[in-house]
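Reviewing the structure listed below.
The values are calculated or read from the model by the stated rules, or taken from the named source; none is laboratory data. Quantities reported herein were computed from a predicted structural model and do not represent experimental measurements. All Cβ positions, even for glycine, are placed from backbone atoms using ideal geometry, and neighbour counts span all protein chains on display.
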Amino acid sequence: MINNIDRDDLLLLLIRRQENCTSWEEERLIDQILRQDEDAREMAEDVRVTYENLAKVPQTSAQVRVQSFINMEIPRSVEERRAALPKRRRYLNFAAAGIVALATSAIALYFPFYEKHAPTVTHLKGVTLAMAGGDAVALGMNNDTIVASAAMLHTNASMLYFTAKTGDPNAGRDNTITVPAGNMYSLTLADGSVVHLNAATILRFPFAFTGPKREVFVDGEAFFNVAANANQPFIVHSKKKDVQVLGTSFNINTYDDHFLLSLISGKVAVTDVIMQPVTAKGSVKLSPCQKAVLDPKTKRMEIEAVNGSSELSWLQGIYRFQQEPLAEVCKVAERLYGVTFKLDSEELGKVTYTGILHKNDSVDVFLKNLKNNGKVAAYEQDWDGTVLLRGQ
(Lines give C-alpha, C1' and ligand atoms only; values in the text may rest on other atoms or scores of the structure.)
Protein backbone atom coordinates (compact mmCIF):
# COMPACT_ATOMS: atom_id res chain seq x y z
CA MET A 1 0.00 0.00 0.00
CA ILE A 2 1.09 3.57 -0.77
CA ASN A 3 -0.69 6.22 1.25
CA ASN A 4 -3.64 3.83 1.74
CA ILE A 5 -3.91 3.23 -2.02
CA ASP A 6 -2.86 -0.03 -3.63
CA ARG A 7 0.39 0.54 -5.55
CA ASP A 8 -0.99 -1.23 -8.62
CA ASP A 9 -3.96 1.17 -8.66
CA LEU A 10 -1.53 4.08 -8.35
CA LEU A 11 0.53 2.66 -11.23
CA LEU A 12 -2.64 2.60 -13.35
CA LEU A 13 -3.38 6.22 -12.45
CA LEU A 14 0.15 7.30 -13.39
CA ILE A 15 -0.08 5.48 -16.72
CA ARG A 16 -3.48 7.03 -17.41
CA ARG A 17 -1.98 10.46 -16.69
CA GLN A 18 0.77 9.85 -19.26
CA GLU A 19 -1.95 8.98 -21.78
CA ASN A 20 -3.90 12.18 -20.84
CA CYS A 21 -6.84 10.09 -19.64
CA THR A 22 -7.09 11.23 -16.02
CA SER A 23 -10.01 13.25 -14.72
CA TRP A 24 -9.69 16.40 -12.62
CA GLU A 25 -10.47 14.40 -9.47
CA GLU A 26 -7.80 11.81 -10.34
CA GLU A 27 -5.23 14.56 -10.92
CA ARG A 28 -5.97 15.98 -7.45
CA LEU A 29 -5.60 12.52 -5.91
CA ILE A 30 -2.27 11.91 -7.68
CA ASP A 31 -0.89 15.28 -6.58
CA GLN A 32 -1.91 14.63 -2.98
CA ILE A 33 -0.23 11.21 -2.95
CA LEU A 34 2.98 12.50 -4.55
CA ARG A 35 3.27 15.27 -1.97
CA GLN A 36 3.01 12.82 0.91
CA ASP A 37 4.80 9.65 -0.19
CA GLU A 38 8.41 9.17 -1.34
CA ASP A 39 7.74 5.73 -2.84
CA ALA A 40 4.95 7.22 -4.92
CA ARG A 41 7.28 9.95 -6.23
CA GLU A 42 9.83 7.30 -7.23
CA MET A 43 7.14 5.34 -9.06
CA ALA A 44 5.95 8.49 -10.86
CA GLU A 45 9.50 9.27 -11.98
CA ASP A 46 9.94 5.71 -13.24
CA VAL A 47 6.73 5.92 -15.27
CA ARG A 48 7.76 9.29 -16.71
CA VAL A 49 11.20 8.04 -17.77
CA THR A 50 9.67 4.89 -19.24
CA TYR A 51 7.35 6.95 -21.42
CA GLU A 52 10.26 9.12 -22.56
CA ASN A 53 12.00 5.94 -23.69
CA LEU A 54 8.83 4.71 -25.41
CA ALA A 55 8.67 7.94 -27.37
CA LYS A 56 12.02 7.05 -28.93
CA VAL A 57 10.72 3.71 -30.23
CA PRO A 58 10.06 3.70 -34.02
CA GLN A 59 6.39 4.09 -34.95
CA THR A 60 6.18 0.52 -36.25
CA SER A 61 6.96 -0.67 -32.75
CA ALA A 62 4.98 1.92 -30.83
CA GLN A 63 2.40 -0.70 -29.87
CA VAL A 64 4.75 -1.66 -27.03
CA ARG A 65 2.91 0.93 -24.92
CA VAL A 66 0.06 -1.50 -24.43
CA GLN A 67 2.19 -3.66 -22.11
CA SER A 68 1.84 -0.93 -19.50
CA PHE A 69 -1.92 -1.35 -19.68
CA ILE A 70 -1.81 -5.15 -19.67
CA ASN A 71 0.28 -4.94 -16.50
CA MET A 72 -1.75 -2.16 -14.95
CA GLU A 73 -2.62 -4.50 -12.11
CA ILE A 74 0.63 -6.36 -11.63
CA PRO A 75 -0.19 -10.03 -11.00
CA ARG A 76 0.44 -11.54 -7.62
CA SER A 77 2.58 -14.16 -9.34
CA VAL A 78 5.35 -11.60 -9.90
CA GLU A 79 5.22 -9.88 -6.50
CA GLU A 80 8.17 -11.84 -5.14
CA ARG A 81 10.32 -11.00 -8.16
CA ARG A 82 9.43 -7.34 -7.84
CA ALA A 83 10.16 -7.35 -4.12
CA ALA A 84 13.61 -8.80 -4.82
CA LEU A 85 14.57 -5.82 -6.98
CA PRO A 86 16.36 -2.82 -5.47
CA LYS A 87 13.80 -0.32 -4.27
CA ARG A 88 15.00 2.39 -6.61
CA ARG A 89 14.09 1.88 -10.32
CA ARG A 90 11.94 -1.15 -9.46
CA TYR A 91 8.93 -0.01 -11.49
CA LEU A 92 11.04 1.19 -14.38
CA ASN A 93 12.59 -2.26 -14.67
CA PHE A 94 9.15 -3.80 -15.07
CA ALA A 95 8.05 -1.26 -17.64
CA ALA A 96 11.28 -1.73 -19.59
CA ALA A 97 10.74 -5.48 -19.49
CA GLY A 98 7.40 -4.90 -21.18
CA ILE A 99 9.14 -3.07 -24.03
CA VAL A 100 11.46 -6.00 -24.61
CA ALA A 101 8.60 -8.49 -24.34
CA LEU A 102 6.59 -6.90 -27.13
CA ALA A 103 9.58 -6.47 -29.41
CA THR A 104 8.95 -9.96 -30.77
CA SER A 105 5.81 -12.07 -30.64
CA ALA A 106 7.70 -15.16 -29.53
CA ILE A 107 8.77 -13.45 -26.30
CA ALA A 108 5.10 -12.81 -25.62
CA LEU A 109 5.02 -16.35 -24.27
CA TYR A 110 6.98 -15.10 -21.29
CA PHE A 111 4.97 -11.99 -20.35
CA PRO A 112 4.69 -11.70 -16.55
CA PHE A 113 0.92 -11.94 -16.93
CA TYR A 114 1.39 -15.40 -18.44
CA GLU A 115 3.67 -16.67 -15.70
CA LYS A 116 4.01 -20.42 -16.26
CA HIS A 117 3.12 -21.24 -12.68
CA ALA A 118 0.31 -18.69 -12.27
CA PRO A 119 -2.74 -20.18 -10.53
CA THR A 120 -4.99 -19.48 -13.52
CA VAL A 121 -3.11 -22.04 -15.63
CA THR A 122 -4.81 -24.88 -13.78
CA HIS A 123 -8.15 -23.76 -15.26
CA LEU A 124 -6.95 -23.74 -18.86
CA LYS A 125 -8.53 -26.87 -20.23
CA GLY A 126 -10.90 -27.30 -23.11
CA VAL A 127 -9.45 -24.64 -25.44
CA THR A 128 -9.70 -26.03 -28.96
CA LEU A 129 -8.47 -25.05 -32.41
CA ALA A 130 -10.47 -26.21 -35.43
CA MET A 131 -8.40 -25.72 -38.58
CA ALA A 132 -9.57 -24.97 -42.11
CA GLY A 133 -8.30 -28.32 -43.37
CA GLY A 134 -10.58 -30.19 -40.96
CA ASP A 135 -8.07 -31.03 -38.22
CA ALA A 136 -8.77 -30.08 -34.59
CA VAL A 137 -6.37 -29.92 -31.65
CA ALA A 138 -6.68 -29.25 -27.92
CA LEU A 139 -4.69 -26.28 -26.60
CA GLY A 140 -3.80 -25.00 -23.15
CA MET A 141 -2.52 -28.29 -21.79
CA ASN A 142 1.27 -28.51 -22.22
CA ASN A 143 4.16 -26.91 -24.04
CA ASP A 144 3.98 -28.53 -27.43
CA THR A 145 4.86 -28.20 -31.11
CA ILE A 146 2.21 -29.50 -33.48
CA VAL A 147 2.78 -30.08 -37.19
CA ALA A 148 -0.49 -29.23 -38.99
CA SER A 149 -1.18 -29.29 -42.69
CA ALA A 150 -1.08 -25.49 -43.09
CA ALA A 151 1.18 -24.37 -40.23
CA MET A 152 3.62 -25.30 -37.51
CA LEU A 153 1.89 -24.66 -34.17
CA HIS A 154 3.65 -23.78 -30.93
CA THR A 155 1.45 -23.84 -27.83
CA ASN A 156 1.70 -23.70 -24.07
CA ALA A 157 -0.78 -23.28 -21.24
CA SER A 158 -1.35 -19.62 -22.05
CA MET A 159 -0.68 -18.86 -25.71
CA LEU A 160 -0.54 -20.14 -29.26
CA TYR A 161 1.74 -18.85 -31.97
CA PHE A 162 2.42 -20.42 -35.35
CA THR A 163 4.34 -20.34 -38.61
CA ALA A 164 2.27 -20.74 -41.78
CA LYS A 165 3.48 -23.12 -44.48
CA THR A 166 4.26 -21.18 -47.64
CA GLY A 167 2.00 -22.03 -50.55
CA ASP A 168 -0.47 -24.15 -48.60
CA PRO A 169 -4.02 -23.40 -49.88
CA ASN A 170 -5.45 -23.57 -46.35
CA ALA A 171 -3.04 -20.98 -44.88
CA GLY A 172 -5.29 -18.08 -45.85
CA ARG A 173 -8.54 -19.73 -44.77
CA ASP A 174 -10.22 -19.22 -41.42
CA ASN A 175 -9.42 -21.36 -38.39
CA THR A 176 -11.55 -21.24 -35.26
CA ILE A 177 -10.21 -21.08 -31.72
CA THR A 178 -12.82 -21.65 -29.01
CA VAL A 179 -12.24 -20.66 -25.38
CA PRO A 180 -14.98 -22.13 -23.16
CA ALA A 181 -16.30 -20.75 -19.87
CA GLY A 182 -13.79 -20.82 -17.04
CA ASN A 183 -10.83 -20.28 -19.39
CA MET A 184 -8.65 -17.55 -20.88
CA TYR A 185 -6.21 -17.91 -23.75
CA SER A 186 -4.04 -15.84 -26.10
CA LEU A 187 -2.52 -16.14 -29.54
CA THR A 188 -0.09 -14.29 -31.74
CA LEU A 189 -1.38 -13.81 -35.28
CA ALA A 190 0.65 -14.08 -38.46
CA ASP A 191 1.43 -10.32 -38.53
CA GLY A 192 2.63 -10.25 -34.92
CA SER A 193 -0.64 -8.90 -33.51
CA VAL A 194 -1.45 -10.35 -30.10
CA VAL A 195 -5.02 -11.27 -29.08
CA HIS A 196 -6.06 -12.10 -25.50
CA LEU A 197 -9.34 -14.04 -25.41
CA ASN A 198 -11.70 -13.98 -22.45
CA ALA A 199 -13.88 -16.90 -21.35
CA ALA A 200 -16.70 -18.08 -23.65
CA THR A 201 -15.10 -16.46 -26.70
CA ILE A 202 -14.63 -17.60 -30.30
CA LEU A 203 -12.08 -16.14 -32.72
CA ARG A 204 -11.83 -16.95 -36.43
CA PHE A 205 -8.49 -16.15 -38.06
CA PRO A 206 -6.17 -17.35 -40.87
CA PHE A 207 -2.63 -18.64 -40.50
CA ALA A 208 -1.56 -16.08 -43.13
CA PHE A 209 -3.03 -12.71 -44.17
CA THR A 210 -2.90 -13.02 -47.95
CA GLY A 211 -5.36 -10.35 -49.14
CA PRO A 212 -5.42 -6.54 -49.08
CA LYS A 213 -6.91 -6.62 -45.55
CA ARG A 214 -6.19 -8.53 -42.36
CA GLU A 215 -9.56 -9.85 -41.23
CA VAL A 216 -10.68 -11.76 -38.12
CA PHE A 217 -14.06 -12.42 -36.47
CA VAL A 218 -14.71 -12.36 -32.72
CA ASP A 219 -17.71 -13.47 -30.69
CA GLY A 220 -17.25 -12.80 -26.96
CA GLU A 221 -14.54 -10.56 -25.51
CA ALA A 222 -10.96 -9.99 -26.61
CA PHE A 223 -8.13 -7.51 -26.16
CA PHE A 224 -6.25 -6.76 -29.42
CA ASN A 225 -2.75 -5.36 -29.72
CA VAL A 226 -2.57 -4.84 -33.48
CA ALA A 227 0.70 -4.61 -35.40
CA ALA A 228 0.82 -1.47 -37.53
CA ASN A 229 0.65 -1.91 -41.33
CA ALA A 230 -0.82 1.03 -43.24
CA ASN A 231 -0.84 -1.00 -46.46
CA GLN A 232 -2.97 -3.80 -45.00
CA PRO A 233 -5.73 -2.52 -42.65
CA PHE A 234 -6.81 -4.77 -39.80
CA ILE A 235 -10.54 -5.54 -39.61
CA VAL A 236 -12.32 -7.09 -36.62
CA HIS A 237 -15.78 -8.38 -37.53
CA SER A 238 -18.46 -9.00 -34.91
CA LYS A 239 -22.20 -9.71 -34.97
CA LYS A 240 -23.12 -6.07 -34.45
CA LYS A 241 -20.31 -3.90 -35.78
CA ASP A 242 -17.01 -4.01 -37.64
CA VAL A 243 -13.84 -2.29 -36.44
CA GLN A 244 -11.13 -1.01 -38.77
CA VAL A 245 -7.65 -0.21 -37.43
CA LEU A 246 -4.11 0.31 -38.68
CA GLY A 247 -2.07 -0.24 -35.54
CA THR A 248 -3.63 0.08 -32.13
CA SER A 249 -4.74 -1.65 -28.95
CA PHE A 250 -8.33 -2.03 -27.86
CA ASN A 251 -10.83 -4.23 -26.04
CA ILE A 252 -13.99 -5.49 -27.73
CA ASN A 253 -16.92 -7.01 -25.81
CA THR A 254 -19.77 -8.64 -27.75
CA TYR A 255 -21.23 -10.85 -25.01
CA ASP A 256 -25.01 -11.34 -24.91
CA ASP A 257 -25.57 -9.55 -28.20
CA HIS A 258 -23.95 -6.35 -26.89
CA PHE A 259 -21.20 -4.26 -28.45
CA LEU A 260 -18.63 -2.29 -26.43
CA LEU A 261 -15.28 -1.16 -27.83
CA SER A 262 -12.68 0.42 -25.51
CA LEU A 263 -9.73 2.08 -27.26
CA ILE A 264 -6.40 2.25 -25.42
CA SER A 265 -4.04 3.57 -28.09
CA GLY A 266 -4.19 4.46 -31.78
CA LYS A 267 -7.39 5.17 -33.69
CA VAL A 268 -10.27 3.02 -34.90
CA ALA A 269 -13.43 3.43 -36.96
CA VAL A 270 -16.57 1.47 -36.08
CA THR A 271 -19.01 0.80 -38.92
CA ASP A 272 -22.12 -1.26 -39.60
CA VAL A 273 -20.64 -2.73 -42.78
CA ILE A 274 -16.91 -2.65 -43.34
CA MET A 275 -17.40 -2.01 -47.07
CA GLN A 276 -18.53 1.49 -46.13
CA PRO A 277 -15.83 4.18 -46.08
CA VAL A 278 -14.89 5.31 -42.59
CA THR A 279 -16.41 8.72 -43.43
CA ALA A 280 -19.82 7.20 -44.18
CA LYS A 281 -22.89 8.09 -42.17
CA GLY A 282 -23.08 5.84 -39.12
CA SER A 283 -19.30 5.46 -38.87
CA VAL A 284 -17.87 6.32 -35.43
CA LYS A 285 -14.23 7.26 -34.87
CA LEU A 286 -12.59 6.83 -31.47
CA SER A 287 -9.56 8.43 -29.87
CA PRO A 288 -7.45 6.88 -27.07
CA CYS A 289 -9.26 6.40 -23.75
CA GLN A 290 -12.68 6.50 -25.42
CA LYS A 291 -15.20 3.70 -25.73
CA ALA A 292 -18.13 3.12 -28.07
CA VAL A 293 -21.24 1.53 -26.54
CA LEU A 294 -24.12 0.35 -28.69
CA ASP A 295 -27.50 1.02 -27.07
CA PRO A 296 -29.47 -2.22 -27.54
CA LYS A 297 -32.79 -0.34 -27.71
CA THR A 298 -32.07 2.71 -29.86
CA LYS A 299 -29.17 1.09 -31.80
CA ARG A 300 -27.28 4.35 -31.40
CA MET A 301 -23.57 4.43 -30.60
CA GLU A 302 -22.65 6.38 -27.48
CA ILE A 303 -19.10 7.66 -26.87
CA GLU A 304 -17.87 7.57 -23.26
CA ALA A 305 -14.58 7.66 -21.32
CA VAL A 306 -12.74 4.38 -20.73
CA ASN A 307 -12.50 3.16 -17.15
CA GLY A 308 -9.48 0.90 -17.57
CA SER A 309 -9.56 -0.49 -14.03
CA SER A 310 -12.96 -2.10 -14.59
CA GLU A 311 -13.04 -2.73 -18.35
CA LEU A 312 -9.57 -4.23 -18.77
CA SER A 313 -9.04 -5.92 -15.41
CA TRP A 314 -10.36 -9.19 -16.87
CA LEU A 315 -6.90 -9.54 -18.42
CA GLN A 316 -5.76 -10.32 -14.88
CA GLY A 317 -8.77 -12.52 -14.14
CA ILE A 318 -10.44 -9.76 -12.08
CA TYR A 319 -13.99 -8.43 -12.56
CA ARG A 320 -15.18 -5.31 -10.73
CA PHE A 321 -18.81 -4.36 -10.22
CA GLN A 322 -20.30 -1.10 -8.99
CA GLN A 323 -24.03 -1.30 -8.28
CA GLU A 324 -24.59 -3.84 -11.08
CA PRO A 325 -27.84 -5.87 -11.25
CA LEU A 326 -27.28 -9.35 -9.84
CA ALA A 327 -28.60 -10.89 -13.06
CA GLU A 328 -25.74 -9.28 -15.01
CA VAL A 329 -23.18 -10.23 -12.36
CA CYS A 330 -24.30 -13.86 -12.58
CA LYS A 331 -23.78 -13.84 -16.36
CA VAL A 332 -20.15 -12.86 -15.79
CA ALA A 333 -19.79 -15.47 -13.04
CA GLU A 334 -21.16 -18.14 -15.39
CA ARG A 335 -18.44 -17.39 -17.95
CA LEU A 336 -15.77 -17.07 -15.27
CA TYR A 337 -16.50 -20.27 -13.35
CA GLY A 338 -18.25 -22.39 -15.98
CA VAL A 339 -21.32 -22.74 -13.72
CA THR A 340 -24.99 -22.03 -14.56
CA PHE A 341 -26.89 -19.76 -12.15
CA LYS A 342 -30.66 -19.53 -11.76
CA LEU A 343 -32.41 -16.81 -9.77
CA ASP A 344 -35.68 -17.64 -8.06
CA SER A 345 -37.33 -14.33 -8.99
CA GLU A 346 -37.06 -11.40 -11.38
CA GLU A 347 -36.80 -9.09 -8.38
CA LEU A 348 -33.64 -10.85 -7.18
CA GLY A 349 -32.04 -10.22 -10.56
CA LYS A 350 -32.57 -6.49 -10.10
CA VAL A 351 -30.81 -6.39 -6.72
CA THR A 352 -27.54 -4.48 -7.16
CA TYR A 353 -24.13 -5.85 -6.28
CA THR A 354 -20.83 -4.09 -5.63
CA GLY A 355 -17.71 -6.20 -5.33
CA ILE A 356 -14.95 -8.14 -7.10
CA LEU A 357 -14.85 -11.56 -8.73
CA HIS A 358 -11.43 -13.18 -9.02
CA LYS A 359 -10.74 -16.03 -11.39
CA ASN A 360 -8.47 -17.71 -8.85
CA ASP A 361 -11.26 -17.85 -6.26
CA SER A 362 -13.70 -20.75 -6.27
CA VAL A 363 -17.38 -20.31 -7.03
CA ASP A 364 -18.01 -21.03 -3.33
CA VAL A 365 -16.22 -17.78 -2.42
CA PHE A 366 -18.53 -15.86 -4.73
CA LEU A 367 -21.63 -17.50 -3.29
CA LYS A 368 -20.56 -16.91 0.30
CA ASN A 369 -19.91 -13.25 -0.48
CA LEU A 370 -23.41 -12.91 -1.91
CA LYS A 371 -24.91 -14.40 1.23
CA ASN A 372 -22.67 -12.51 3.66
CA ASN A 373 -23.48 -9.23 1.91
CA GLY A 374 -27.18 -9.92 2.24
CA LYS A 375 -27.78 -10.20 -1.50
CA VAL A 376 -29.20 -13.72 -1.32
CA ALA A 377 -30.85 -15.61 1.51
CA ALA A 378 -29.66 -19.05 0.43
CA TYR A 379 -28.24 -21.00 -2.47
CA GLU A 380 -28.32 -24.65 -3.46
CA GLN A 381 -27.03 -26.83 -6.27
CA ASP A 382 -29.46 -28.72 -8.48
CA TRP A 383 -28.93 -32.27 -9.74
CA ASP A 384 -27.59 -30.96 -13.09
CA GLY A 385 -25.05 -28.64 -11.44
CA THR A 386 -27.15 -25.48 -11.76
CA VAL A 387 -26.82 -23.18 -8.75
CA LEU A 388 -30.15 -21.76 -7.55
CA LEU A 389 -30.06 -18.39 -5.74
CA ARG A 390 -32.95 -17.55 -3.43
CA GLY A 391 -33.91 -14.01 -2.44
CA GLN A 392 -34.56 -12.61 1.01
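Looking at region 8-31, which of the residues that are surrounded by fewer than 17 Cβ atoms within 10 Å (Cβ to Cβ) and either at pLDDT 85 or above or of a type in the set (D, E, K, R) (or both) is nearest to SER249 (Cα to Cα)?
Filtering region 8-31 for residues that are surrounded by fewer than 17 Cβ atoms within 10 Å (Cβ to Cβ) and either at pLDDT 85 or above or of a type in the set (D, E, K, R) (or both), the one nearest to SER249 (Cα to Cα) comes out as ASP9.
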Exercise. How many residues, within region 110-146, are modelled with pLDDT of 50 or more, under 25 Å from LEU336 (Cβ atoms) and in contact with a Phe, Trp or Tyr (Cβ under 9 Å, 6 or more places away or on another chain)?
Worked result: 3
Problem set entry | Selected residue (only one of LEU336, LEU315 is under 13 Å from ALA181 (Cβ atoms) and either in contact with a strand residue (DSSP E or B) (Cβ under 8 Å, 6 or more places away or on another chain) or outside any helix (DSSP H, G or I) (or both)) | LEU336
Exercise. So which residues in region 371-392 are in contact with a helix residue (DSSP H, G or I) (Cβ under 9 Å, 6 or more places away or on another chain) and assigned to a loop (DSSP other than H, G, I, E, B), if there are any at all?
Worked result: LYS375, VAL376, ALA377, GLY391, GLN392
Seminar exercise, completed: Counting only residues in region 268-299 that are basic (Lys, Arg) and modelled with pLDDT of 85 or more, the one surrounded by the most Cβ atoms within 10 Å (Cβ to Cβ) is identified as LYS291
Problem set entry | Contacts under 8 angstrom Cβ, first residue in region 339-362 being over 23 Å from GLU311 (Cβ atoms) and in the same structural domain as GLU328 (by TED's automatic domain parsing), partner of a type in the set (Phe, Trp, Tyr) and not in a loop (DSSP other than H, G, I, E, B), 6 or more apart | SER362/TYR337
Problem set entry | Search result, residues across region 193-212 that are assigned to a loop (DSSP other than H, G, I, E, B) and within 16 Å of ASN251 (Cβ to Cβ) | SER193, ASN198, ALA199, ALA200
For this session: Only residues that are among the aliphatic types (A, V, I, L, M), assigned to a strand (DSSP E or B) and within 17 Å of ALA138 (Cβ to Cβ): list them for region 153-164, please.
Result: LEU153, MET159, LEU160
Problem set entry | Options ALA222, ALA200, ALA181, ALA230; residue that is more than 29 Å from HIS358 (Cα to Cα) and either among the small types (Gly, Ala, Ser) or at pLDDT 85 or above (or both) | ALA230
Exercise. Filtering region 178-204 down to residues that are touching a Ser or Thr at 6+ places or on another chain (Cβ under 7 Å) and among the hydrophobic types (A, V, I, L, M, F, W, C), which residue is nearest to ASN229 (Cα to Cα)?
Worked result: VAL194
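So which residues in region 148-163 are closer than 21 Å to ALA208 by Cβ and either at pLDDT 90 or above or buried (at least 17 other Cβ atoms within 10 Å of the Cβ) (or both)?
If the condition is that a residue be closer than 21 Å to ALA208 by Cβ and either at pLDDT 90 or above or buried (at least 17 other Cβ atoms within 10 Å of the Cβ) (or both), then ALA148, ALA150, ALA151, MET152, LEU153, HIS154, THR155, MET159, LEU160, TYR161, PHE162, THR163 are the ones that fit.
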For this session: Could you please give the count of residues in region 343-387 that are closer than 13 Å to ALA327 by Cβ and buried (at least 16 other Cβ atoms within 10 Å of the Cβ)?
Result: 8
Problem set entry | One residue from ALA222, ALA190, ALA269 being touching a residue at least 24 places away in the same chain (Cβ under 8 Å), on the phi < 0 side of the Ramachandran plot, assigned to a strand (DSSP E or B) and over 19 Å from the mean Cα position of the chain (by Cα) | ALA269
